[in-house]
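Enquirer: Structure provided below as structure tokens; questions to follow.
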Amino acid sequence: VPVSQLSLAAAKKEIVPLRKQLTQWGKEYYEQDNPSVEDYVYDRAYQRLVELETQFPELKSADSPTQRVGGAVTTQLTKVRHDIPMLSMGDVFSVDELMDFNRRQQDNGDVTVEPEYNLELKIDGLSLSLVYENGKLVQGSTRGNGTIGEDVTANVMTIKSIPHELPEPLTLEFRGECYMPKASFVKLNEEREAAGLPVFANPRNAAAGSLRQLDPKVTAKRDLATFMYYVPEYQKLGVTTQAGALDRMRELGFSVNPNNRVVHNEAEIAAYIDEYTAQRDQLSYGIDGIVEKVNDLATENALGNTIKVPRWEIAYKFPPEEQAT
Ligand SMILES: NC(=O)c1cc2c(N)ncc(C(N)=O)c2s1
């Protein structure tokens, strides 16, 4: 039933169990790296809760999953505060919705947004922050709940694609995705099966479970990989566009996904989405969508973020894959 046709009583009846269900799923996803439902199930339920709370603000409650970015952080790893929050992203599920987002973004009233976007693959892993001081890697951390993450410095030191030292003495944070290649995931689960250990449900959980280890020697054996994609203080890189920032990260020795593309209109956006929807199964790593970013970084800065998500980037999520029988 559309939220607009619900009575307050009916909304209350629906919102309570929905909130409990999302809190439970959130715990599984953020704390146990073992969600019991596909992302799209969670996303759809979350969207419904947002609609209900928007239509009936008197039903909003501080402990609602919509009032927190990400889940709670509960592991023995030490905590790290992200001075610049690691935000999640808004989602859209169709090209039409994506075009609506772009139109609203351009009609925002005070920031002129040139229709030039950088499209990137949305890697199915977990967010990673790397901090360098004078070109040396000093800290690695997870997103956690967006403000408080977990320190995984010793673990990231074992990941081959992460440079310990940059060719320039930069003091800067770099963000990206830590993921496990599909082939490594299959091999790891075969080994775990043979050893009578519980298997991981998907590569994302395997990456999260492998990165958030207390023992770096375990991480070292897990064949983790990275694609770096964002520099919060991009001004220090001497670039003006997101595409330029990716090139600079390649120059610095980071692993950066090669499939980004600068586009200027709906046809090019739709073509990119079709291309990678078709290629999804052939890629050696998991992707669950596309990330569209405003290419001009000054514009990105001017647009800024809402309390929970950036205004300058959006995720287009693929329809769920048919589960392999
Ligand atoms: N802001 C986020 O939560 C992002 C999440 C992701 C992801 N999982 N994969 C790729 C990108 C990208 N290329 O920007 C982003 S951005």
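The values are calculated or read from the model by the stated rules, or taken from the named source; none is laboratory data. As the structure is a computational prediction, the values presented were derived from the model and not from experiment. Using ideal geometry, Cβ is built from the backbone for each residue, glycine included, and neighbour counts are taken over all protein chains shown. Heads up: the accessible areas ignore ligands, DNA and RNA and are worked out on the full protein's heavy atoms, side chains in. Shrake-Rupley method; radii C 1.70, N 1.55, O 1.52, S 1.80 Å.
Enquirer: If I ask for residues that are closer than 19 Å to residue 295 by Cα and under 22 Å from the mean Cα position of the chain (by Cα), which ones from region 93-115 would you list?
Expert: Residues satisfying the conditions are 95, 98, 99, 100, 101, 102, 105.
Enquirer: Residue check, residue 219 against (1) closer than 27 Å to residue 36 by Cβ; (2) modelled with pLDDT of 95 or more; (3) among the hydroxyl-bearing types (Ser, Thr, Tyr), all met but one. Which one?
Expert: Every condition holds for residue 219 apart from (2).
Enquirer: Could you run through region 166-185 and say how many residues are of a type in the set (Ser, Thr, Tyr) and either open to solvent by less than 30 Å² (accessible area, probe 1.4 Å) or within 16 Å of the ligand (Cβ to nearest atom) (or both)?
Expert: Counting residues in region 166-185 that are of a type in the set (Ser, Thr, Tyr) and either open to solvent by less than 30 Å² (accessible area, probe 1.4 Å) or within 16 Å of the ligand (Cβ to nearest atom) (or both) gives 2.
Enquirer: Just to be sure before I move on: is residue 158 of a type in the set (Ser, Thr, Tyr), away from the ligand (no atom under 16 Å from the Cβ) and touching a helix residue (DSSP H, G or I) at 6+ places or on another chain (Cβ under 8 Å) in the structure I sent? Walk me through it before giving the result.
Expert: On the way: of a type in the set (Ser, Thr, Tyr): yes; away from the ligand (no atom under 16 Å from the Cβ): yes; touching a helix residue (DSSP H, G or I) at 6+ places or on another chain (Cβ under 8 Å): yes.
It is true that residue 158 is of a type in the set (Ser, Thr, Tyr), away from the ligand (no atom under 16 Å from the Cβ) and touching a helix residue (DSSP H, G or I) at 6+ places or on another chain (Cβ under 8 Å).
Enquirer: Can you pull out the residues in region 83-134 that are of a type in the set (Val, Ile, Thr) and either closer than 22 Å to residue 47 by Cα or within 16 Å of the ligand (Cβ to nearest atom) (or both)?
Expert: 84, 92, 95, 123
Enquirer: Among the residues of region 265-282, is there at least one that is among the hydroxyl-bearing types (Ser, Thr, Tyr), within 16 Å of the ligand (Cβ to nearest atom) and not in a helix (DSSP H, G or I)?
Expert: Checked against the condition, which is being among the hydroxyl-bearing types (Ser, Thr, Tyr), within 16 Å of the ligand (Cβ to nearest atom) and not in a helix (DSSP H, G or I), region 265-282 yields no hits at all.
Enquirer: Something else: Is region 250-260 home to any residue that is within 15 Å of the ligand (Cβ to nearest atom), in a strand (DSSP E or B) and within 23 Å of residue 232 (Cβ to Cβ)?
Expert: No - not one qualifying residue is present in region 250-260.
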